[in-house]
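Structure first, then comments.
No value in this document is a laboratory result; all are computed from the given coordinates. What you are looking at is a predicted structure, and each value in this text was computed from that prediction instead of being measured. All Cβ positions, even for glycine, are placed from backbone atoms using ideal geometry, and neighbour counts span all protein chains on display.
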There are 2 protein chains.
Amino acid sequence: MAATILDGKQLAEQIRRQTAQRVQRLAATARAPMLAAVLAGDDGGAVLYAESQAKKCAELGIAYRLERLPGDASQADLLSLIDRLNRDDAVDGVILQQPLPKTCDAAAAQSAVRPDKDVEGASPMSLGLLAYGRPALLPCTALAAWELIKASGIKVEGANAVVIGRSQIVGRPIGLILMQNHATVTTCHTRTRDLPGVARTGEILVVAAGRPRLVTADYIRPGAVVIDVGTNRVTETGADGKAAKKTVGDVDFEAARQIAGSITPVPGGVGPVTVALLLRNVVEAAERHIG
Amino acid sequence: MAATILDGKQLAEQIRRQTAQRVQRLAATARAPMLAAVLAGDDGGAVLYAESQAKKCAELGIAYRLERLPGDASQADLLSLIDRLNRDDAVDGVILQQPLPKTCDAAAAQSAVRPDKDVEGASPMSLGLLAYGRPALLPCTALAAWELIKASGIKVEGANAVVIGRSQIVGRPIGLILMQNHATVTTCHTRTRDLPGVARTGEILVVAAGRPRLVTADYIRPGAVVIDVGTNRVTETGADGKAAKKTVGDVDFEAARQIAGSITPVPGGVGPVTVALLLRNVVEAAERHIG
């Protein structure tokens, strides 16, 4: 029996609806949540992304403020702007649009965002709070993987979970989230021996390796929940003999769906949920600020 | 063949010697490192502990400053003292002696210690920095387990490591340290199904469960490195028929040593190394401050 497809677009839509309701409650009793985005320079892609983000915020009723810096801004300029946004009570969340100027230390800047406004959850303090089981804004991609695991309906407590990949923004946090929810968690990576064998112990398998179709049928335990965090652009020759670009995950979807119990597609799985969760994080932050 | 005993007292002595040399270098070129201890009230045990710590610092040439607060100090008093120590350039490390006044929020106070002075490594920021692979002061007990693993001579890269226990100061940090050093890490806990079976996959087995002799022969993979972090006081009837108190670990040492490749005893394993590492952390902090 082929696996249930965990539909990320549908879940994202549901999260957006719930988020919009929370925004309405806040706006009715206090004020709308506000996201501030820092954009340095005029990189075309970054500007387009900011415009799209402004639109998504508007759709949910979230206020959006774009803070622009010159492309040659210094680290001091950047830190001083972040400091101002940290201290501004009207701002609930701060995101730093990539790419930052080459002269800036992106990691240091990200760490300078106050933890209660770090809606990307992309700093050591946010991960440390997660590891301590304290309230924290969590990295959106790891959180998206977690929402999809919950949507699968699997009982997480006591389950064996395997995470392939140990990045700061996906592998490590999803491992901690699963551990917090009482799964037995094994984290694998490039140095893991017998990766297929270890992966096959996972009733939950989260793949965030960044390698196209790394995970084949022999990695999958029958009935497992498979969450594919990968997004890889590859060029492949189609049935018509023509080379074309396409987006594939870290999992060989067609092979895996014959064995898994449920599985996320790429595209249309973790990706859309991640985008929806950034805005939910803004609302989470606002509820704590206003509450 | 019985296991090699990993002698914590001997390793602690070696760490103390190396630490003393580093103190001498600092004292010769700049100044001696300084540890400040915050002690609230006059709990007899805490006072004795502080005296013993002062002596251990003196033996290595580390300056020690005791900061006393009344037993009914408020959280504001405590935070204001921590703030003063954070800003005092003469202070390299700050420890908060337990017990703090019942009116104080110990977790919030610990988090207020500046990460570069948090020589106990016992705050979310220290764990977050560890998770990000950034320079950090690490929790002494987890670090002691790591030093003993290194002392065993096992090749950690690619090894399967199993950690039993997921506490903030031992299980989680030792898992992250092992992962950073390229082991494949599985973290187990009370909800883990078939704990002996999972434990038996570990070429490295770290036990920090806080349950006397939880780990019996059937938990141990032949030849494994077994690190016992437990320290439990139990009352047992000896061969002479009399009940007596003794200290035992989380591992049934006599049974485990027949199967393991190397193993830490309790007492005399992780404990003495932990004590030595607190002072090494003070020197680490000082080197960064003076460096």
Per the charge dipole of the protein assembly as shown (beta-carbon charges, Lys/Arg positive, Asp/Glu negative, Cα centre), the residue among A:ALA217, A:LEU96, A:ALA58 reaching farthest to the positive end is A:ALA217
Have a look at the DSSP beta bridges in chain B and tell me what percent are antiparallel, nearest 5. 15
Mind ordering B:128-139, A:153-164, B:58-69 by average Cβ neighbours within 10 Å, highest first? B:128-139, A:153-164, B:58-69
What dipole magnitude, in Debye to the nearest 20, does the protein assembly as shown give about its Cα centre under +1 on Lys/Arg Cβ and -1 on Asp/Glu Cβ? 560
Quick check: residue separation of B:THR216 and B:LYS246 times 0.36 nm, minus the Cα distance between them. What number comes out in nm? 9.0 nm
Decide, for segment B:223-267, between rounded, prolate and oblate: order the square roots of the alpha carbon gyration tensor eigenvalues as a ≥ b ≥ c, take rounded if a/c falls under 1.5, and otherwise choose prolate if a/b is larger than b/c, else oblate. oblate
How far, in whole Å, is the nearest Cβ of chain B from the axis relating it by rotation to chain A, and which residue carries it? B:GLY128, 1
Over the C-alpha atoms of chain B, what are the Rg and the largest Cα-to-Cα span, Dmax, in Å? 19.8, 60
Size of electric dipole in chain B: Cβ of Lys, Arg +1 and of Asp, Glu -1, about Cα centre, debye, nearest 20: 400
Roughly how far apart, in whole Å, are the Cα centres of segment A:176-199 and segment A:54-102? 36
In nm, what does the list of distances from A:GLN10 to its counterparts in the other copies look like, shortest first, when each label sits 7 Å along Cα to Cβ? 6.3
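Answer rounded, prolate or oblate for segment A:31-114, using the Cα gyration tensor with square roots of eigenvalues a ≥ b ≥ c: rounded when a/c is under 1.5, else prolate when a/b is larger than b/c, else oblate.
It is oblate, given that a/c is not under 1.5 and a/b is not larger than b/c.
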List A:THR264, A:THR19, B:THR237 from most exposed to least, where exposure is judged by having the fewest other Cβ atoms within 10 Å. B:THR237, A:THR19, A:THR264
Distances in nm from B:ARG31 to the matching label points in the other copies, shortest first (labels 7 Å along Cα to Cβ): 4.4
Pick from A:ALA239, A:ALA151, A:ALA37: which residue has the top mean-square fluctuation in a GNM of chain A where Cα pairs under 10 Å get a spring? A:ALA239
Here are some pairs, B:LYS155/B:LYS246; B:LYS9/B:LYS150; A:LYS56/A:LYS102; which of them have Cα atoms lying more than 24 Å apart in this structure? B:LYS155/B:LYS246; A:LYS56/A:LYS102
Dipole check, segment B:187-291, charges on Cβ (K,R +1; D,E -1), about Cα centroid: among B:ILE259, B:ILE204, B:VAL282 the Cα furthest to the positive pole belongs to B:VAL282
Span-like helices, chain B: DSSP H, alpha-carbon axial extent 30 Å or more, mean Kyte-Doolittle -1.0 or greater, which ones? B:8-29
Considering every pair of different Cα atoms, what Kirkwood radius, in Å, is found for the protein assembly as shown? 26.0
Report the relative contact order of chain B, percent, no decimals, based on alpha-carbon pairs under 8 angstrom and at least 6 residues apart. 22
Any idea what diffusion coefficient segment B:139-272 gets from Stokes-Einstein, in µm²/s, Kirkwood Rh on alpha carbon pairs, 37 °C, 0.692 mPa s? 224
